[in-house]
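Chemist: Dumping the structure here so I can ask a few things about it.
The values are calculated or read from the model by the stated rules, or taken from the named source; none is laboratory data. In this text, all values refer to a predicted model and were calculated from it rather than measured experimentally. Here the Cβ positions follow ideal geometry from the backbone for every residue, glycine too, while neighbour counts run over all protein chains shown.
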Amino acid sequence: MDRILIRGGYVLDPANGREGRMDVLTEDGRIARVAEGIEADGAEIYDAEGLLVMPGLVDMHVHFREPGFEYKETIATGTAAAARGGVTTVCPMANTKPVIDSPEMARRLKAIIDRDALVHVMMIGTVTKGLAGKEVCDLRAMAKEGVRLVSEDGKSVMDSGVYAQAMEICREEDILVLAHCEDINLVRGGVMHEGKRSKELGLPGITSEVEDIITARDIFLARQTGARLHLCHCSTAFSVEMVRQAKAAGLPVSAEVCPHHFTLCDEDIPGDDANYKMNPPLRSREDLEALRRGLSEGVMEVISTDHAPHADDEKTGSMRGAAFGIVGLETSFALAWSELVLTGLLTPMQLVERMSMSPARILKIPAGTLSEGAAADITIADPNKRYVIDKETFVSKGKNTPFDGREVTGEIAATLVDGAFVYRRECGIVRGGSER
């Protein structure tokens with residue numbers, strides 16, 4: 001019997017209302033027991049004294065680029081980055097090449113996942129064929145291949161009739177719709193938030209209305225169709241307010257905030273630096289504070305990264321010609337702990353809710369819990385470790401981050417998936433029993 005005893009850690013398990021110093025015993029990939037003073041002869045001992053022991057983190061929004069853009073990231077390197085970041089379940093977006101828009105492409109992607117993934121991977125399919133926004137995919141056939149999530153991430157389905165048709169099918173098949181809210185007709189070449197700072201830098205701006213208009217439309221379509229809607233990478237104060245109202249009306253709407261949007265605002269952009277170019281962009285200080293309040297109040301239930309790796313030459317020079325996006329899997333816990341917990345905005349238990357329990361509930365997967373019998377997906381973190389983020393240590397192929405050189409507190413010490421270590425701080429990524 002394969003057994004690991006995680007001894008003496010501080011357990012945070014909001015799904016069971018459990019918090020305090022306890023041991024966690026795993027057997028054959030499952031949580032066997034959570035209690036004080038567990039004795040387990042013959043078990044491998046992991047000393048978690050002074051560390052946090054949590055259900056594995058769940059990231060609903062990443063980009064792994066495979067197939068088609070393997071020079072940016074692959075399932076293997078992306079899931080390694082997830083493991084190092086304490087993330088045990090990821091949902092990679094479908095804007096690959098070719099896109100994941102058919103049962104055949106779903107089977108192709110699943111074969112890569114089965115071969116290379118270090119953590120659990122939930123497939124996302126596109127809403128329309130070829131991401132063209134014209135014709136709805138065969139969502140029912142894709143669902144039979146395990147695609148329970150759809151998104152046009154990177155763009156919105158601008159034809160409301162097409163989107164409503166897709167959402168009706170998603171309601172019937174219980175498929176979750178993950179929405180990228182962007183009115184492409186209002187972007188007009190913008191590269192950062194439109195405001196005082198964009199004018200100072202002489203760069204074209206992206207207004208908040210670019211997001212807000214489509215957010216409102218998508219919520220109305222969720223009301224009309226009954227489809228479950230998850231709003232990705234929300235960045236504006238008005239988005240928070242619309243989500244608040246949707247929840248008050250009992251609509252099946254959830255929403256996420258990314259660490260870069262609750263940590264930085266447009267005032268923090270030092271110059272025309274492509275590492276600060278993301279979509280949606282870093283917004284105003286008022287927007288940042290609204291996002292933080294939304295997370296604190298539980299209006300915004302999820303923290304996801306929108307991990308978006310690019311090659312170095314795609315993120316150099318001016319924002320005008322650079323690709324949108326930054327990496328985030330290996331910095332998300334530290335930023336959330338530093339910016340939300342240590343500032344008193346969230347309790348440690350609330351942070352675990354936003355990064356593990358709530359996304360698992362929205363995804364309808366048996367994760368986000370340390371319940372006896374559950375899969376032993378476990379994240380262990382050092383809440384007192386102070387360090388400086390160094391992009392050269394990332395295991396992701398992407399090094400595109402505005403946080404290089406930033407001092408943070410909170411480091412992932414170990415990650416277990418199905419009761420096996422996939423990352424240990426002292427030795428790095430563990431793949432197939434070997435350390436690398």
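Chemist: Among the listed residues Ser358, Ser338, which satisfies the condition of being farther than 29 Å from Pro204 by Cα and touching an Asp or Glu at 6+ places or on another chain (Cβ under 6 Å)?
Modeler: None of the other options fit; the residue is Ser358.
Chemist: So which residues in the stretch 96-137 are part of a helix (DSSP H, G or I), free of Cβ contacts under 8 Å to residues at least 40 places away in the same chain, of a type in the set (A, V, I, L, M, F, W, C) and surrounded by 15 or more Cβ atoms within 10 Å (Cβ to Cβ)?
Modeler: Across the stretch 96-137, the qualifying residues are Met105, Ile113, Leu131.
Chemist: How about the stretch 26-48: which of its residues are within 21 Å of Arg425 (Cα to Cα) and surrounded by 14 or more Cβ atoms within 10 Å (Cβ to Cβ)?
Modeler: Hits for the stretch 26-48 are Thr26, Gly29, Ala43, Tyr46, Ala48.
Chemist: Can you tell me which of Thr263, Thr343, Thr347, Thr305 is polar (S, T, N, Q), more than 25 Å from Gly68 (Cα to Cα) and touching a residue at least 60 places away in the same chain (Cβ under 8 Å)? Even if it seems obvious, please write down each step before you answer.
Modeler: Values: Thr343 fails: touching a residue at least 60 places away in the same chain (Cβ under 8 Å); Thr347 fails: touching a residue at least 60 places away in the same chain (Cβ under 8 Å); Thr305 fails: more than 25 Å from Gly68 (Cα to Cα).
Just a single option satisfies the conditions, and that option is Thr263.
Chemist: Tell me, yes or no, whether the stretch 291-312 has at least one residue that is surrounded by fewer than 23 Cβ atoms within 10 Å (Cβ to Cβ), under 23 Å from Glu411 (Cβ atoms) and over 13 Å from the mean Cα position of the chain (by Cα).
Modeler: Yes, because at least one residue in the stretch 291-312 is surrounded by fewer than 23 Cβ atoms within 10 Å (Cβ to Cβ), under 23 Å from Glu411 (Cβ atoms) and over 13 Å from the mean Cα position of the chain (by Cα).
Chemist: Then there's this: Run Arg21 past the list (1) touching a residue at least 12 places away in the same chain (Cβ under 8 Å); (2) outside the structural domain of Gly154 (by TED's automatic domain parsing); (3) surrounded by fewer than 21 Cβ atoms within 10 Å (Cβ to Cβ); (4) out of contact with any Phe, Trp or Tyr (no Cβ under 8 Å at 6 or more places or on another chain) and report the number of the one that doesn't hold.
Modeler: The single condition Arg21 does not satisfy is (4).
Chemist: Working only within the stretch 1-41, note down all residues that are at pLDDT below 95 and farther than 24 Å from Asp382 by Cβ.
Modeler: Met1, Asp2, Glu39, Asp41
Chemist: Also, quick follow-up: Mind listing just one residue for me: the one in the stretch 326-357 that is farther than 18 Å from Leu282 by Cβ and among the charged types (D, E, K, R) and, of those, surrounded by the most Cβ atoms within 10 Å (Cβ to Cβ)?
Modeler: Checking each candidate, the answer is Glu330.
Chemist: Do you know which residues across the stretch 42-60 are under 10 Å from Leu5 (Cβ atoms) and either in contact with a Gly (Cβ under 7 Å, 6 or more places away or on another chain) or without any contact (Cβ under 8 Å) to a residue 60 or more places away in the chain (or both)?
Modeler: Gly42, Ala43, Glu44, Ile45, Asp47, Ala48
Chemist: Mind checking which pairs have a first residue in the stretch 158-184 that is of a type in the set (Lys, Arg) and a second that is at pLDDT 95 or above, Cβ under 6 Å, 6 or more apart or different chains?
Modeler: Arg171/Thr225; Arg171/Gly226; Arg171/Ala227
Table: residues versus (1) more than 21 Å from Met355 (Cα to Cα); (2) not in a strand (DSSP E or B).
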{"site": "Gly20", "(1), (2)": "no, no"}
{"site": "Ala40", "(1), (2)": "yes, yes"}
{"site": "Met54", "(1), (2)": "no, no"}
{"site": "Glu73", "(1), (2)": "yes, yes"}
{"site": "Gly78", "(1), (2)": "no, yes"}
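Chemist: Tally the residues that are among the charged types (D, E, K, R) and touching a strand residue (DSSP E or B) at 6+ places or on another chain (Cβ under 7 Å), restricting the search to the stretch 80-105.
Modeler: Adding up the residues that qualify gives 2.
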